[in-house]
Amino acid sequence: MIKTSKLVIPIILAAAVIVIAPFVIHPAEAHILKTFQNVSVKIGWLNEPPLVGDTNGIVLYIYNGTDDTAPPIANTGLDNMKVTIQYGGQSKSLSFDPSDDTPGLYTSTVIPTQLGTYNVIIQGTIGGVTIPPTTYPMQEVEAKDKYNFP
Amino acid sequence: MTMKTRNLVIPVVAVLTLIIISPFLIHPVEAHILKTFNMAAMSGMNMPSMASNVSVKIGWLNEPPLVGDKNGIVLYVYNGTDDTSPPIANTALNNMTVNIQYGGQTKTLSFDPSDDTPGLYTSAITPDQLGTYNVIIQGNIAGVDIPATTYPQQEVEAKDQYYFPPMTGNMIGSSGNMTMSETPAVPEFGPIASLILVIAIISVVVVTGKTRGFLKF
């Protein structure tokens, strides 16, 4: 009996952590860089914080190296890539334009219509390097209300 | 049908097909457009402060331009034949008139030079109609006469195609009024659902503990 009651307290504590976690842990932060062999891909929102209903975009940087100081892969980086955005059970394939001014930068316009976390999933090849399906959680889309002033 | 007539029919059909298809294939205008203007030769005059070639590049500040979104027209001025030439900063538009045109309506734009990018001038504008806007410039830049010149701008698009997820009702947390589409709603399970689930699990553990006797409180 004592053994069983010793089990209950950790169970209740674990349950409490599960309840509190969504409110404490911020799901995703700013721009995320991931490296695949010698190619790095950094993805994030164009305007941060992303606000629901505001015209925004997904920005994607490609580098020929293991960090964002490596030389960019301009213009053709996404020729053999599929990039989708996902929210809840819905996903949409994104079409990117290379930047005229910043080599290695690609943008796709998106207007988020719901609060919460969106994911961007990339897959394909960049410069001969195979990119497996990889999920980038985006910074949480927020309500505009908190930024209204007065 | 003679051989000669048949030889004529094929090119005519091909040309007609091309004419019909071309509006769908050709995007009316693209991004920022650069045009170069030359100073007419002025014999016997030595004016070193004057430019012989001036280039002007014009486009939307934010692309694609979306109807109802605050945007702007950006205008770059270069002292040369391309956009790698030195910029003409601050004063380039002092003797210029720049108009924006949509349908039969025209508005004169007022530009501010950029603090950060020499040769860049911006004018805020919110396009409130779909379609193609034209920017028309005329005047004089650094001694180079600029005849009335039209720059067709990238087409202003509807926002609908960029909504994600597609609109199913009012946007929670958005200040503006948004349109509704016919797309069926997809239920979302947020933190409240996990909260209810965990409370249910705790309740089951507590109730079981009480009834089986391993919880005493």
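Tabulated data
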item	result
Tally of residues being of a type outside the set (S, T, N, Q), part of a loop (DSSP other than H, G, I, E, B) and surrounded by 16 or more Cβ atoms within 10 Å (Cβ to Cβ) across the range A:89-120	5
Selection status of B:Ser85, at pLDDT 95 or above, in a strand (DSSP E or B), closer than 17 Å to A:Asp101 by Cβ and of a type in the set (S, T, N, Q)	no
Among (1) over 24 Å from B:Ala31 (Cα atoms); (2) at pLDDT 95 or above; (3) in a loop (DSSP other than H, G, I, E, B) - the single one A:Pro150 does not satisfy	(2)
Pick from the range A:34-73, criterion buried (at least 16 other Cβ atoms within 10 Å of the Cβ), small (Gly, Ala, Ser) and assigned to a loop (DSSP other than H, G, I, E, B), ranking: nearest to the other protein chains (Cβ to nearest Cβ)	A:Gly53
Residue match in the range A:73-92 (condition: of a type in the set (Gly, Ala, Ser) and modelled with pLDDT under 95)	yes
Failed criterion for A:Thr84 (all others in (1) facing chain B (nearest Cβ under 7 Å); (2) surrounded by fewer than 18 Cβ atoms within 10 Å (Cβ to Cβ); (3) without any contact (Cβ under 8 Å) to a residue 40 or more places away in the chain hold)	(1)
Residue among B:Asn62, B:Asn71, B:Asn53 that alone is within 14 Å of another protein chain (Cβ to nearest Cβ), surrounded by fewer than 19 Cβ atoms within 10 Å (Cβ to Cβ) and either under 20 Å from the mean Cα position of the chain (by Cα) or in contact (Cβ under 8 Å) with a residue 60 or more places away in the chain (or both)	B:Asn62
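The values are calculated or read from the model by the stated rules, or taken from the named source; none is laboratory data. These numbers come from a predicted model, not from an experiment. Here Cβ is always computed from backbone atoms with ideal geometry, including for glycine, and neighbour counts include all displayed protein chains.
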